């Protein structure tokens, strides 16, 4: 509670200071009690509150329900307009202004467009957007007006010459993956494809970079099966209006900000494919049709070669667009529902086969095709899998020790609120110290003989905990680091990162104070080596970089990818 009140006081003071400086700000609605519903991961997991006992008499298999698309702050083309995520707090959010000029445009080529009958500035901006450095049509339209001061008439005149600024000298399609070393301290947030492809998403990305973030995870394909980028494949959705108009251009935008691009692919829970290609879905022995998990969700069959090849093709497409890292989620079999009724192709093709064998064989094949392209491969896995319970392994097929051999990074989803009935905690969401510590210890032990990097997903939502606050975020990051985690990923399904952003400010402040203390301490006696103070911030304080102009070009586009 103390952290909760401290964060409110902190916000109030910053708001007063901002108002006193006559800066126009936007004050978000803070009445919501839920910052976002969780992603898959954890013990006996459910992505929304369910009525069930908090204690378990015997081990139960992992469970997962992921939030429906409209509730994730995503746009659902069948429903209507995009539902925007919550606004940033007034201490972080800057007035949204469209950049029209600046040092980034200096020296960049321009071209001259001759106006045709009926054309508008907006239509011209839309046409030339792919050739420019701008990410949004509105940005380019404002830049065109800035570059053409005489452009005052509402309607353009046919034959009128218009300067188009910010023309790229090299096409974005020429990009190649240029990831940081796999053991670099990656600090990332998750964005849906709809958010990543919006002006609001770009603003979130810029704020994240300013606060010390250095990577962004965004959907290439979510569990609904809709693909966020243009992708031609016989199994891809037929009618596509991808929210990310150009994947290569988004990658280049992130790289210029010094941010690593991580494309998430939800593998085998693919509602679109299972619905439109029912022969590729998990089959029901009794119904002789697609099997449904708990009578609702449909899954593709992880053992079908066509399903595997489709996901590998999408991953390779992303790598060829220059993405730095491909992240596989739902790299498992369905864990809930009537398992005895579920029929998989491998059971008839390889009667002695196992779910674990199917998953490991797929990963070995995918890794062999992706790694030569220079892209890193990371895997999202259930947090509870570190406990190695036979019932969980039998259902999911996630053998952590084996999976770790076919990826660069393992990202266990260790959200405290998801460990229902584990280790005797009635309210696991209020015990982040225990579950982050215990999970990381177990994952480190299970993967000790491999070279995989542990980069955990941390809880950035207020589900099943009354202690969610910047302090809650800092505690998770601190313990994960102490227990061998290298960097972290923040998950919020609604892409509402107000609380994590405040936590980043506080972590940077703590690191700055620690550095100042080290610099102001008296120089120790050279004859007493034991008196030398440790370098760097104290354990648990993340040394976040101060944003500088050079950060925008901290990683050259031609940098050699790490192996």
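The values are calculated or read from the model by the stated rules, or taken from the named source; none is laboratory data. What you see is a predicted model, and the numbers here were worked out from it, not measured in a lab. Backbone-built Cβ (ideal geometry, glycine too); neighbour counts: all protein chains shown.
Among the residues of region 163-176, those identified as touching a strand residue (DSSP E or B) at 6+ places or on another chain (Cβ under 8 Å) and either crowded, with 20+ Cβ neighbours inside 10 Å or without any contact (Cβ under 8 Å) to a residue 24 or more places away in the chain (or both) are 164, 165, 166.
Which one of these is at pLDDT below 95 and assigned by TED's automatic domain parsing to the domain that holds residue 267: 325, 349? Before the answer, list the steps.
On the way: 325 fails: at pLDDT below 95.
Selected residue: 349, the only one of 325, 349 that is at pLDDT below 95 and assigned by TED's automatic domain parsing to the domain that holds residue 267.
Of the residues making up region 289-321, those that are part of a loop (DSSP other than H, G, I, E, B) and either farther than 24 Å from residue 177 by Cα or touching a strand residue (DSSP E or B) at 6+ places or on another chain (Cβ under 8 Å) (or both) are 289, 291, 294, 295, 296, 299, 301, 302, 303, 304. For residue 191, work out the one condition from (1) in contact with a helix residue (DSSP H, G or I) (Cβ under 9 Å, 6 or more places away or on another chain); (2) more than 13 Å from residue 254 (Cβ to Cβ) it doesn't fulfil. Unmet condition: (2).
Here's a check for you: in region 445-476, which residue that is assigned to a helix (DSSP H, G or I) and more than 21 Å from residue 328 (Cβ to Cβ) is farthest from the chain's Cα centre (by Cα)?
Let us first name the residues in region 445-476 that are assigned to a helix (DSSP H, G or I), namely 445-446, 470-476.
Right, trim to more than 21 Å from residue 328 (Cβ to Cβ) and you get 445, 470-476.
On the way: 445: 26, 470: 19, 471: 21, 472: 20, 473: 16, 474: 19, 475: 20, 476: 17 Å.
By that ranking, first place goes to 445.
Among the residues of region 177-215, the one identified as under 20 Å from residue 315 (Cα atoms), assigned to a helix (DSSP H, G or I) and without any contact (Cβ under 8 Å) to a residue 60 or more places away in the chain is 196.
Helices (runs of 4 or more DSSP H) wholly in region 324-421 with at least 2 residues that are touching a strand residue (DSSP E or B) at 6+ places or on another chain (Cβ under 6 Å) - which ones?
On the way: elements: 345-349, 355-370, 390-396, 400-403.
Helices (runs of 4 or more DSSP H) meeting the threshold: 355-370.
Within region 124-147, being in a helix (DSSP H, G or I), touching a strand residue (DSSP E or B) at 6+ places or on another chain (Cβ under 7 Å) and touching a residue at least 24 places away in the same chain (Cβ under 8 Å) holds for 124, 128, 131, 140, 147.
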